[in-house]
Structure formats: C-alpha cells, structure tokens
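Take a look at the structure below.
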2 protein chains.
Amino acid sequence: MKKRKEMQLALQMVSGYGAEFSAWRMPGTDPAAYINTDGYVERAKLAEKGKFQMIFIADTPALTVDLGPQTPSFPMDPMLALMAVARETKHIGLVATLSTTFNYPYNIARQFKALDVISQGRVGWNAVTTSDPLAAANFGAQIASRKERYDMAHESIQIVQALWGSWESDAWTLDVEGGKFADMDKIQPINLQGQYYASRGPLPIPPSDQGQPVIFQAGGGEEGLELAGRYASGVYANPYDIESAREHRQALQQSAARFGRNPDDIKMYAGFMFSIGSTEEEALERRRQLMSFNPEEIPNRVRYLGSMVGLPLSVHSVDIDQPLATDMLKKAYANPMDPRSHRALELLKKGLSIRDVLAHGVINYHPVVAGTPVQVADFLEEWFLAGACDGFSVVPDIAYDGVADFVELVVPILQDRGLFHREYEGKTLRENMGVPYQYGRLKENNN
Amino acid sequence: MKKRKEMQLALQMVSGYGAEFSAWRMPGTDPAAYINTDGYVERAKLAEKGKFQMIFIADTPALTVDLGPQTPSFPMDPMLALMAVARETKHIGLVATLSTTFNYPYNIARQFKALDVISQGRVGWNAVTTSDPLAAANFGAQIASRKERYDMAHESIQIVQALWGSWESDAWTLDVEGGKFADMDKIQPINLQGQYYASRGPLPIPPSDQGQPVIFQAGGGEEGLELAGRYASGVYANPYDIESAREHRQALQQSAARFGRNPDDIKMYAGFMFSIGSTEEEALERRRQLMSFNPEEIPNRVRYLGSMVGLPLSVHSVDIDQPLATDMLKKAYANPMDPRSHRALELLKKGLSIRDVLAHGVINYHPVVAGTPVQVADFLEEWFLAGACDGFSVVPDIAYDGVADFVELVVPILQDRGLFHREYEGKTLRENMGVPYQYGRLKENNN
C-alpha cells in the first residue's frame with residue numbers, strides 16, 4: 001500500500017517573541033528574548049523534537065517597525081542565529097532569508113555553504129529581492145525597478161550556485177599519506193559575468209553532505225513564479241484561503257515544469273498562525289489578553305474589520321463586546337477583494353462579539369486558528385488534503401510556550417492521522433524535504 | 001607599588017591546522033579540521049584557560065593558495081566560527097577580519113554588533129582593505145588604487161561606527177509594564193553619505209556590554225598608520241625584529257596622538273610563531289618533520305636562504321645536513337634589506353646544518369622560536385621589555401597540540417615572571433585590552 005502523503009512543517013523563528021505585536025509583554029516571555037540566543041536554540045530543539053523539517057528565519061535589512069510598542073521583526077542576525085542552532089541540533093533544516101539585492105553573491109555563497117558544511121547538509125537560502133525603501137537607504141541605494149531587482153536575483157542565484165559547485169564532488173582528496181589535500185584540477189574558477197554581478201571563484205569550500213544549500217523563494221507575481229520555477233525547491237507563500245493557495249501551488253508546479261523540472265520538486269509552505277488552548281475559549285482568552293496590551297490599536301482594527309464586511313464600524317457606534325446587531329448583520333457582505341472577509345463575516349454571523357472576531361485573527365497577515373489542538377490539526381488537514389500546499393510555515397502567537405504546545409499537542413494528532421512523519425527520512429534537508437540532490441547550477445540554467 | 005606592565009596575547013586561529021604548510025599531515029591532527037568547528041571551539045577554550053585576551057581570525061575572501069600540498073589559509077567563514085566560540089566561552093575576545101572593500105558597511109555593522117551583543121561585549125573587527133586581485137575578481141572588480149581603497153575604508157569604518165551608535169545608550173527601555181520596548185526618540189538615522197558608501201540607519205541593535213566592537217587594523221604604510229591612528233584600538237603587525245617593531249609601535253602611538261587620542265589607547269600585537277619541545281632539539285625535530293613532508297620545497301628554501309646571506313646556495317652544491325663550509329661562511333653577509341638575515345647568519349655561524357637553520361624558521365613571515373617553553377618565554381620577554389609591542393599575536397606551528405603546549409608550558413612562565421595576567425581584568429574585550437569605552441564615532445572623526 002502506498003504511504004499516505006505527508007505534510008511538512010517549517011517553524012518561523014521571528015525575532016524571539018512570536019508573531020503577535022505584544023507577545024514580548026506576555027507573562028512568561030523573556031522581555032530580552034531579542035538578544036538571547038538560548039531562546040532560538042531552545043525553540044529549534046523543540047521543533048526538532050517535533051520532527052519539523054526546518055526552522056525558517058525571515059529578514060529585511062532595516063528597522064521597519066516602531067519599537068515603541070513593538071519588537072523588531074527579525075533576529076539581530078539570521079546567520080549567527082542559525083549557526084548557534086546548527087551546533088546544538090542534529091536533524092532539523094536551517095533556512096534563512098538573505099537579500100539578493102544588497103549582498104554580494106560571493107559573500108552569500110560563502111556563508112551559506114560554510115553553514116551547510118558545518119551542519120552536515122541542513123541549510124537552505126531563501127533568496128529574495130528587497131523592495132523596502134528603508135532597507136535600500138541602509139545601503140545608500142534607491143529601490144530599483146521590479147524588473148531590475150529580479151534580473152539581479154537571477155544573476156545572484158546563478159553565481160551563488162555556480163560557486164557552490166566550483167569543487168567537483170570528489171575534489172577534496174584529503175590524502176594525508178600522498179600529501180594531496182585537494183585535487184586542484186577539480187577546483188575551477190566559474191568566471192560568470194552578468195550585468196549586475198560577476199564572480200571568478202572558486203569558493204574555497206568543499207561539497208556539503210547535501211551537495212549545496214537548498215534554494216527557497218518567497219516573492220510573488222510573474223517574476224516570483226519564474227524565479228521559483230527555475231531555482232527553488234521550497235517556496236514560502238502567504239495565501240489566505242485554500243483556493244488561492246491551490247492556484248499558487250499549481251502555478252509554481254507549472255513554472256517548474258516550464259523550466260524542465262519535475263513539478264513535484266518544488267514544495268510550497270503556507271504561512272499559518274496559531275493560538276492553542278485546552279478549549280477554544282481559552283485560546284481566545286489568550287488572544288484577548290494580547291490585544292489588551294495595546295488598547296490604542298483597537299479603534300483601527302474595528303474600522304478595518306468594518307471595511308472587510310462593508311460596514312462603517314467604529315468603537316463609538318458599536319459595543320465591541322457585543323455581537324453585531326441583526327439589522328447591521330443583514331447589510332454586511334464579504335469584500336470580494338479580500339479573501340479574509342468570508343471568515344470575518346462567518347464569525348460575525350455566528351454571533352461572536354466584535355472583540356472576539358478580532359481575537360480570532362481575521363485581519364492578520366496569515367490565516368489564524370485560535371482553538372484546541374484538534375481544531376489546529378483539522379485546519380492543517382483540510383488545507384493539506386485539498387492540495388493547498390505541501391506543508392506549512394507556522395508562526396506561534398507567543399514563542400515561549402506556543403512552540404512547545406504545537407509540538408506536544410498538535411504534532412501527535414497529525415502523526416496519528418498519518419499526516420505527518422514520525423521520524424526524519426534522511427540526514428540532510430534535501431532528503432527530509434524530498435527534493436533531489438543538486439550540485440552547482442541546474443543544467444537548464446546554464447546559459 | 002605600581003604593578004609591572006603586562007603583555008597581552010592573541011591566538012591566531014588560521015584554518016584549523018596551524019601556521020605550517022604541512023601541519024595537516026602531522027600525526028594527531030584531524031585532516032578535516034578545516035570543516036570541524038569543534039576544533040576551533042576547543043582551541044579557543046584552551047586559549048581562554050590560558051587567559052589569552054582574544055582569538056583572532058584573519059581573512060581574505062579568495063582561495064589564495066594551491067590546495068594540492070597545502071590547506072586553506074582561512075576558516076570557511078570567520079563570523080560563523082566566532083559565533084560557535086562565543087556560545088562556548090565566557091571571557092576571551094573574538095576578533096575577525098572583514099574587508100572594507102568588499103562588504104557593505106551596513107552588513108558589517110550588523111553582523112559584528114549582533115555578535116558583540118550575543119557575546120556580551122567581546123568582539124573586535126579587524127578592518128582591512130583588500131588588495132588581492134583574486135579576491136577582487138570574486139566580486140567582479142578590479143583592485144582599486146591604494147588611495148581609493150583607503151578612502152573606502154575610512155568611509156566604511158565611520159559608517160559602521162555611526163550605525164553602532166545609532167541607539168542612544170539608554171534607548172532600550174524594555175518597559176514591560178508601560179509597554180515601551182524602546183524609546184524611538186533615542187534611535188535615530190545616521191544619514192551618512194560618502195563617495196563610496198552611504199547608509200541611513202538606524203541599525204536595529206541595542207548597545208552591547210562594551211558599547212560596540214573594538215576596531216583593529218593591520219595595514220601598513222602611511223595610509224595604514226592614519227587609519228589605525230584615527231580608529232584602531234588594536235593593531236596586528238608583522239615586524240621581523242625589535243627595532244622595526246619599536247619604530248612601528250611609536251609611529252602608531254604618534255598617529256593616535258595626531259588624531260587627538262591617548263597614545264596608550266592603541267595596542268600593537270606582534271605576529272609570532274612557535275614550536276615547543278622539551279628540548280631545543282625536540283622542537284627542531286618537530287619542524288624537521290614538518291619540512292620532510294614537502295621535500296620538493298627544500299631546493300627553493302635553500303636558494304632563498306642563500307639569497308639572505310649573499311651566497312649562491314643550492315642543494316646540488318652543498319650538503320644541507322652539514323654546517324656551511326668555513327670558506328663560504330667567511331663570504332656570507334646579512335642582506336641589509338631583510339631583517340631576518342641576521343638571525344639566519346647567526347645560526348649558520350653557530351655551526352647548524354642548513355636544514356636546521358631552515359627548521360628554525362628563518363625564512364618564515366613571522367619571527368619563529370623553535371625551542372623550550374623557557375626559550376619561547378625569553379623571546380617574548382625580550383621583545384616586550386624592549387617596548388617592541390604591547391603583546392603578541394601568536395600562531396602555533398601545529399594547532400592540535402601547539403595551543404595546549406603554549407597554554408600549559410609557556411603561559412605559567414610568563415605569569416611567574418609577572419609578564420602576563422593571571423585573571424581577566426574585566427568582562428569585555430575593551431576592559432581586558434585596557435582601552436577606553438567607545439560608542440558611536442569618536443568626536444575627532446565626526447566630520
């Protein structure tokens with residue numbers, strides 16, 4: 001009997017606190033988690049205990065938020081955080097974002113490959129272009145056009161992969177008796193010259209246990225699809241509903257096929273947030289508490305919710321601790337431009353108070369389940385079996401206990417349902433993702 | 001009574017094997033030490049046990065040697081190696097080279113500052129320009145003129161230091177009750193615009209325990225002196241003799257004074273190599289063995305030695321296992337252009353065989369002592385008391401046992417002679433180097 005297809009899980013590490021705005025203020029959280037590497041290591045170990053395929057650290061090289069009420073969005077330095085985790089874990093994959101716009105390909109190639117060798121083949125590079133003007137300004141640059149940024153990204157990835165392949169796989173002879181450390185005939189310059197980037201090589205680093213790091217991608221649009229189709233084995237996507245997720249996944253698979261690759265060699269991970277309680281009410285209470293830290297944000301959120309369901313909602317005109325009045329509910333409709341609106345309307349119609357509808361995370365930038373472990377597992381099962389994704393990139397609401405809850409309470413349910421593996425399939429990230437070995441550039445991209 | 005002035009020690013980590021060409025082939029050495037982070041951590045711990053002020057990782061972003069007979073000169077990635085060491089040590093300083101020519105200042109500032117925060121104030125940046133054409137080619141560039149490279153370095157260091165100071169020292173409020181993570185009025189852009197580099201900032205990283213990383217410098221010439229005088233608290237220098245070392249140190253101190261700094265706030269570390277044996281003969285035998293791995297190199301070395309003492313030496317005309325014949329010795333003279341020649345001639349006149357003169361390391365790029373722990377300590381004492389340097393940047397011949405030997409056998413002698421501390425003076429690298437706190441740019445450089 002063919003084994004049932006299983007989902008994959010990536011744990012998003014964010015900046016040490018969790019996805020929610022006020023997670024840093026929750027009792028139990030280390031307020032200085034931002035600078036505490038132990039926390040990253042601890043959560044990565046938990047994720048490894050839960051057999052997560054990988055941890056994932058997103059990044060933008062800029063201070064992009066108001067640090068008054070809020071914590072930074074990214075770790076102080078993603079590569080250093082991954083290095084700490086690499087030393088203290090054995091199986092879990094280690095993926096970080098590094099901008100193709102504001103890093104030299106040689107430096108990218110070197111640091112990721114070194115980490116890949118050190119971690120015995122567990123590393124992935126999420127290759128993204130940077131479109132944030134604050135980030136550009138940190139490099140004395142203006143934001144380039146979308147086309148230009150993607151042209152740079154193609155050059156960057158091709159140079160990086162060529163550098164990764166600049167030692168033939170048997171070049172490292174390590175012959176102590178014969179006095180031959182490496183075979184220099186098998187270590188050659190790459191001499192790639194693009195319009196934006198160029199590099200001679202070789203990189204002074206031997207192959208890793210998986211050959212070289214896995215390429216991830218996260219950008220949208222036609223340009224993102226092409227980049228993913230050509231190079232990526234994993235894609236972090238942010239769909240709001242099953243339908244758009246499925247479309248995106250199919251588009252990714254078609255793009256891979258267009259570039260001569262097996263459509264199954266590209267895995268899509270859907271962003272997903274959770275708040276776990278022993279009852280749905282307990283999970284909601286957790287999120288109400290998070291919301292309560294920033295009462296000044298509530299008027300905006302109520303207005304935003306109103307715009308999703310076609311109503312002029314305001315804290316002055318409604319009691320947010322009550323369900324919406326029947327006459328208002330009759331006028332409400334889901335904004336067709338915002339896939340999250342259906343969920344918002346559904347909860348309002350169920351008679352939840354406005355505060356509780358907000359607490360369900362309907363205006364978050366990922367789908368949110370606030371509920372019991374079974375409810376979380378149900379959501380993941382529904383999406384996965386509908387072909388919405390190959391797995392999930394999960395973000396805990398509050399990192400300090402959210403990761404442990406997911407690992408201890410949700411993972412066993414998924415395993416019991418045959419939806420998630422009980423053991424790592426292999427030693428490397430490629431093996432555990434089920435994507436093929438690659439060394440150097442793909443032949444298809446050798447032009 | 002005033003405490004006797006003590007020397008400082010930095011341990012050069014090289015690429016995992018040791019300074020000598022063939023160290024990777026010595027029995028006991030892990031032939032794969034290049035990719036084994038454990039080795040770096042282990043040696044750093046030994047150095048910490050020996051109260052070394054710091055470890056130091058040099059770097060050039062290129063494969064610069066023939067990996068047939070030889071190992072790489074630098075670790076796969078210096079910052080990742082330091083991160084591993086940071087997690088598993090408590091006191092020792094962590095210094096690495098990163099090129100000002102081929103890294104964006106924002107990326108340098110971010111990674112070093114993150115490591116400085118993580119290590120609780122133990123980090124230093126050796127800011128060097130890159131003049132190696134192989135390295136330039138890895139970045140698609142030609143080597144810029146010396147002037148241009150140093151102009152870039154000034155801009156890079158000033159931007160990096162300004163980014164490091166972009167949070168006022170009390171900006172990180174971490175007020176959980178009041179819901180104020182940081183005081184955004186005290187986190188400001190730097191808006192520096194140079195000819196080569198620019199950055200807006202701020203860097204999203206709070207002050208470290210020592211404020212910010214310590215600047216090191218290693219370049220020579222007038223440009224190097226100016227760069228050091230303006231910014232550096234530590235300088236790695238490579239003098240061959242006491243006289244030139246003393247001159248260089250005085251020039252550094254004068255340069256610091258010229259830029260309004262206390263001359264004593266710049267510390268010079270002289271590069272130094274050692275081979276330790278329980279007798280001088282045992283130490284020499286260790287080096288003879290190292291030489292024996294590459295017999296094909298011996299003819300070149302003999303010729304080179306000849307050129308140092310004005311003789312046309314060749315393996316075909318002399319027996320290298322014999323002392324030089326008296327009539328040849330009479331014609332020999334020390335090449336006035338090469339300070340190492342005096343030592344070479346002295347050893348030849350003592351009647352050592354040519355092989356043994358070479359084994360003493362007379363043609364190495366640092367002074368070498370092959371001898372007993374007392375001989376090593378005598379050398380360090382002589383240089384230090386002569387004012388040749390503030391300390392030494394020591395490179396073991398063979399890393400796997402050389403570091404332990406130095407720590408266990410040489411350090412106690414230095415301590416007993418009152419030449420080296422028995423305990424770390426403070427918690428941060430600045431405190432242990434005895435250099436002042438600095439945060440942001442120096443006022444003198446704010447122009």
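The values are calculated or read from the model by the stated rules, or taken from the named source; none is laboratory data. Values in this document were obtained by computation on a predicted structure and should not be read as measured data. Counting neighbours? That spans all protein chains shown, and the Cβs are built from the backbone with ideal geometry, glycine included.
Being buried (at least 23 other Cβ atoms within 10 Å of the Cβ) and touching a residue at least 12 places away in the same chain (Cβ under 8 Å) narrows it down to one of B:329, B:347, B:358, B:352, so name that one.
Step by step, each of B:329, B:347, B:358, B:352 is checked, and only B:358 is buried (at least 23 other Cβ atoms within 10 Å of the Cβ) and touching a residue at least 12 places away in the same chain (Cβ under 8 Å).
I'd like the residue in the range A:116-136 that is touching a residue at least 60 places away in the same chain (Cβ under 8 Å) and closer than 17 Å to residue A:104 by Cα and, out of all such residues, is nearest to the other protein chains (Cβ to nearest Cβ).
Out of the qualifying residues, it is A:135.
Do we find that residue B:212 is away from chain A (no Cβ under 14 Å), of a type outside the set (Ser, Thr, Tyr) and touching a residue at least 40 places away in the same chain (Cβ under 8 Å) in this structure? Before you say what the answer is, go through the steps one by one.
Numbers: away from chain A (no Cβ under 14 Å): no; of a type outside the set (Ser, Thr, Tyr): yes; touching a residue at least 40 places away in the same chain (Cβ under 8 Å): yes.
No, not satisfied.
Within the range A:101-109, is even one residue facing chain B (nearest Cβ under 8 Å), at pLDDT 95 or above and outside any loop (DSSP other than H, G, I, E, B)? Let's see the steps before the verdict.
Let us first name the residues in the range A:101-109 that are facing chain B (nearest Cβ under 8 Å), namely A:102-104, A:106-107.
From what's left, at pLDDT 95 or above: A:102-104, A:106-107.
Imposing the further condition that a residue be outside any loop (DSSP other than H, G, I, E, B) reduces the set to A:106-107.
Yes, the range A:101-109 has at least one match.
From the set of residues in the range A:230-280 that are farther than 30 Å from residue A:290 by Cα and among the small types (Gly, Ala, Ser), which is nearest to the chain's Cα centre (by Cα)?
A:234
Rundown of residues vs (1) charged (D, E, K, R); (2) surrounded by fewer than 24 Cβ atoms within 10 Å (Cβ to Cβ); (3) over 23 Å from residue A:113 (Cα atoms), yes/no style:
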{"site": "B:26", "(1), (2), (3)": "no, yes, yes"}
{"site": "B:30", "(1), (2), (3)": "yes, yes, no"}
{"site": "B:46", "(1), (2), (3)": "no, yes, yes"}
{"site": "B:51", "(1), (2), (3)": "yes, yes, yes"}
{"site": "B:54", "(1), (2), (3)": "no, no, yes"}
{"site": "B:60", "(1), (2), (3)": "no, yes, no"}
{"site": "B:93", "(1), (2), (3)": "no, no, yes"}
{"site": "B:107", "(1), (2), (3)": "no, yes, no"}
{"site": "B:124", "(1), (2), (3)": "no, no, yes"}
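Conditions tested, residue by residue: (1) assigned to a loop (DSSP other than H, G, I, E, B); (2) at pLDDT 95 or above; (3) at the interface with another protein chain (Cβ under 9 Å from one of its Cβ atoms); (4) in contact with a helix residue (DSSP H, G or I) (Cβ under 8 Å, 6 or more places away or on another chain).
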position	(1), (2), (3), (4)
B:39	no, yes, no, yes
B:42	no, yes, no, no
B:46	no, yes, no, yes
B:80	no, yes, yes, yes
B:83	no, yes, yes, yes
B:87	no, yes, yes, yes
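Just the residues that are hydroxyl-bearing (Ser, Thr, Tyr) and crowded, with 22+ Cβ neighbours inside 10 Å, please, taken from the range A:220-258.
Result: A:231, A:233, A:236, A:255.
Residues checked against (1) farther than 23 Å from residue B:437 by Cβ; (2) in contact with a Phe, Trp or Tyr (Cβ under 8 Å, 6 or more places away or on another chain); (3) away from every other protein chain (no Cβ under 12 Å):
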site	(1), (2), (3)
B:152	yes, yes, yes
B:207	no, yes, no
B:216	no, yes, yes
B:240	yes, no, yes
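Within the range A:166-203, can you find the residues that are in a loop (DSSP other than H, G, I, E, B), over 17 Å from residue B:24 (Cα atoms) and facing chain B (nearest Cβ under 7 Å)?
A:197, A:200, A:201, A:202, listed by residue number.
Taking the stated definitions as given, is residue B:65 surrounded by fewer than 24 Cβ atoms within 10 Å (Cβ to Cβ), aliphatic (A, V, I, L, M), assigned to a loop (DSSP other than H, G, I, E, B) and assigned by TED's automatic domain parsing to the domain that holds residue B:215?
Yes; evaluated as a whole, the condition is true for this residue.
So residue A:10 clears everything in (1) touching a Cys at 6+ places or on another chain (Cβ under 9 Å); (2) surrounded by 24 or more Cβ atoms within 10 Å (Cβ to Cβ) except one condition, right? Which one?
(1)
Just to be sure I understand, how many residues within the range A:229-281 are closer than 19 Å to residue A:126 by Cβ, hydroxyl-bearing (Ser, Thr, Tyr) and not in a helix (DSSP H, G or I)?
Total meeting the criteria: 3.
Against the condition among the hydrophobic types (A, V, I, L, M, F, W, C) and over 27 Å from residue B:58 (Cα atoms), how does residue B:309 come out, does it pass?
So residue B:309 fits the description; yes.
Taking the condition among the basic types (Lys, Arg) and out of contact with any Leu (no Cβ under 9 Å at 6 or more places or on another chain), does residue B:43 pass? Spell out the reasoning first.
Working: among the basic types (Lys, Arg): yes; out of contact with any Leu (no Cβ under 9 Å at 6 or more places or on another chain): no.
For residue B:43, the condition - among the basic types (Lys, Arg) and out of contact with any Leu (no Cβ under 9 Å at 6 or more places or on another chain) - is not met.
I need the full set of residues from the range B:57-69 which are within 8 Å of another protein chain (Cβ to nearest Cβ) and in contact with a Ser or Thr (Cβ under 8 Å, 6 or more places away or on another chain), in order please.
Answer for the range B:57-69, where residues must be within 8 Å of another protein chain (Cβ to nearest Cβ) and in contact with a Ser or Thr (Cβ under 8 Å, 6 or more places away or on another chain): B:61, B:69.
Results for (1) at pLDDT below 95; (2) more than 22 Å from residue B:253 (Cα to Cα); (3) surrounded by 17 or more Cβ atoms within 10 Å (Cβ to Cβ), shown as yes or no for each residue.
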{"site": "B:405", "(1), (2), (3)": "no, yes, yes"}
{"site": "B:413", "(1), (2), (3)": "no, yes, yes"}
{"site": "B:417", "(1), (2), (3)": "no, yes, no"}
{"site": "B:421", "(1), (2), (3)": "no, yes, yes"}
{"site": "B:427", "(1), (2), (3)": "no, yes, no"}
{"site": "B:430", "(1), (2), (3)": "no, no, yes"}
{"site": "B:435", "(1), (2), (3)": "no, no, yes"}
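Just one of the numbered conditions (1) more than 19 Å from the chain's Cα centre (by Cα); (2) crowded, with 22+ Cβ neighbours inside 10 Å; (3) among the hydroxyl-bearing types (Ser, Thr, Tyr); (4) closer than 29 Å to residue A:419 by Cβ is not true of residue A:40; which one?
(1)
If I filter the range A:420-438 for residues that are in contact with an Asp or Glu (Cβ under 8 Å, 6 or more places away or on another chain), outside the structural domain of residue A:288 (by TED's automatic domain parsing), without any contact (Cβ under 8 Å) to a residue 60 or more places away in the chain and among the acidic types (Asp, Glu), do I get at least one hit?
yes
Here is a list of conditions, (1) touching a Lys or Arg at 6+ places or on another chain (Cβ under 9 Å); (2) assigned by TED's automatic domain parsing to the domain that holds residue A:22; (3) not aliphatic (A, V, I, L, M), and residue A:382 meets all of them except one; can you say which number that is?
(1)
Which condition from (1) more than 8 Å from chain B (Cβ to nearest Cβ); (2) in contact with a Phe, Trp or Tyr (Cβ under 6 Å, 6 or more places away or on another chain) is the one that residue A:54 breaks?
Condition not satisfied by residue A:54: (2).
The conditions are (1) farther than 30 Å from residue A:389 by Cα; (2) touching a residue at least 12 places away in the same chain (Cβ under 8 Å), and residue A:271 fails exactly one of them. Which is it?
Unmet for residue A:271, out of (1) farther than 30 Å from residue A:389 by Cα; (2) touching a residue at least 12 places away in the same chain (Cβ under 8 Å): (1).
Among the residues of the range B:137-150, write down those that are outside any loop (DSSP other than H, G, I, E, B) and within 12 Å of chain A (Cβ to nearest Cβ).
Here is the first cut: in the range B:137-150, the ones outside any loop (DSSP other than H, G, I, E, B) are B:137-138, B:146-150.
B:137, B:138, listed by residue number.
In this structure, is residue A:437 among the hydroxyl-bearing types (Ser, Thr, Tyr) and farther than 30 Å from residue A:113 by Cα?
no
Residue by residue through the range A:364-379, note down the ones that are surrounded by fewer than 20 Cβ atoms within 10 Å (Cβ to Cβ) and β-branched (Val, Ile, Thr).
A:374
Go over the candidates B:21, B:56, B:52, B:74 one by one and state the one that is in contact (Cβ under 8 Å) with a residue 40 or more places away in the chain, within 22 Å of residue B:238 (Cα to Cα), in a strand (DSSP E or B) and outside the structural domain of residue B:297 (by TED's automatic domain parsing).
Only one candidate qualifies: B:56.
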